[in-house]
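Written out below as structure tokens is the structure these notes cover.
The values are calculated or read from the model by the stated rules, or taken from the named source; none is laboratory data. Here the structure is a predicted model, which means the values were calculated and not measured. As a convention, Cβ positions derive from the backbone with ideal geometry for all residues, glycine included, and neighbour counts pool all protein chains shown.
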Amino acid sequence: MATSRALLSVRAFSSSAASGQMVKAPIQVFGLEGRYATALYSAASKEKKLDIVEKELTGFQNQMKADARLREFIKTPIIQRGAKKEALTKIGAALKLSSLSTNLMTLMAENGRLKSLGSVIGLFKTLMAAHRGEVACEVTTAKPLDEATRKELEGALNGFLKKGQTILLTTKVDPELLGGMIVSIGDKYVDMSIASKVKKMTEVISAAV
């Protein structure tokens, strides 16, 4: 029942910013957090404030990371929803946030979902990246990539992109991979690590014994 009420509030939030149908998001994001992010994207798109909202929420997200008291306020279930909503209204005014950003936070406070604010902001940023044609790609290797290898890898990964898209490449190091790499690009995932191959060989040998 609580989830149903939250979903109704999310739909109302999207339709209250401007009349008409919801603006379709560039990609689909899932879960209740995805619904909040998609509703915000639609509302901000109608008001032509996508970039403004992204900048505001990114700043607030950075503030949450830096301020332990703010994080505790956002996450704690002890403070009543009404008190959180009122406090966030004042915070929004003090920070001169747009009504869209403030309304998102106060709605989540009212629905008791404020602890998921970080996830919603993250998904909204994912939608904005897709809106700009950016494709997130994460490559994990056993050792850090040198610059020449990184450029060669970027060139190969660009072959997966559609016209107008650009790669946003991030790299991670995991010595347990032994060698090779794991590549995640968009919704595609490829495990080319030596550790993965060793595991498969071990499973085949164990099954044959």
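Details
- Candidates in the stretch 61-78 are the residues that are among the hydrophobic types (A, V, I, L, M, F, W, C) and surrounded by 12 or more Cβ atoms within 10 Å (Cβ to Cβ); of these, the one that is nearest to Gly122 (Cα to Cα) is Met64.
- Condition check for Lys85: assigned by TED's automatic domain parsing to the domain that holds Thr102, of a type in the set (D, E, K, R) and not in a loop (DSSP other than H, G, I, E, B): yes
- Applying the condition of being of a type in the set (S, T, N, Q) and in a strand (DSSP E or B) to the stretch 138-151 and asking which residue is farthest from the chain's Cα centre (by Cα) yields Thr141.
- Members of the stretch 113-167 found to be in contact with a Lys or Arg (Cβ under 6 Å, 6 or more places away or on another chain) and surrounded by fewer than 16 Cβ atoms within 10 Å (Cβ to Cβ), listed by number: Lys115
- Test: Val173 is at pLDDT 85 or above, within 22 Å of the chain's Cα centre (by Cα) and outside the structural domain of Arg81 (by TED's automatic domain parsing): yes
- In the condition set (1) more than 17 Å from Ser98 (Cβ to Cβ); (2) among the aliphatic types (A, V, I, L, M); (3) in contact (Cβ under 8 Å) with a residue 40 or more places away in the chain, Ala37 is compliant with all but (1).
- Among the residues listed as Val120, Val135, the single one being touching a residue at least 12 places away in the same chain (Cβ under 8 Å), in a strand (DSSP E or B) and either of a type outside the set (Gly, Ala, Ser) or not assigned by TED's automatic domain parsing to the domain that holds Ala25 (or both): Val135
- For the stretch 52-70, the set of residues classified as part of a helix (DSSP H, G or I), over 14 Å from Leu95 (Cα atoms) and among the charged types (D, E, K, R) consists of Glu54, Lys65, Arg69, listed by residue number.
- Residue in the stretch 82-99 that is modelled with pLDDT of 95 or more, surrounded by 19 or more Cβ atoms within 10 Å (Cβ to Cβ), aliphatic (A, V, I, L, M) and under 23 Å from Pro26 (Cα atoms) present: no
- Looking only at the stretch 21-39, and only at residues there that are over 13 Å from Phe124 (Cα atoms) and in contact with a helix residue (DSSP H, G or I) (Cβ under 7 Å, 6 or more places away or on another chain), the one that is modelled with the lowest pLDDT: Met22
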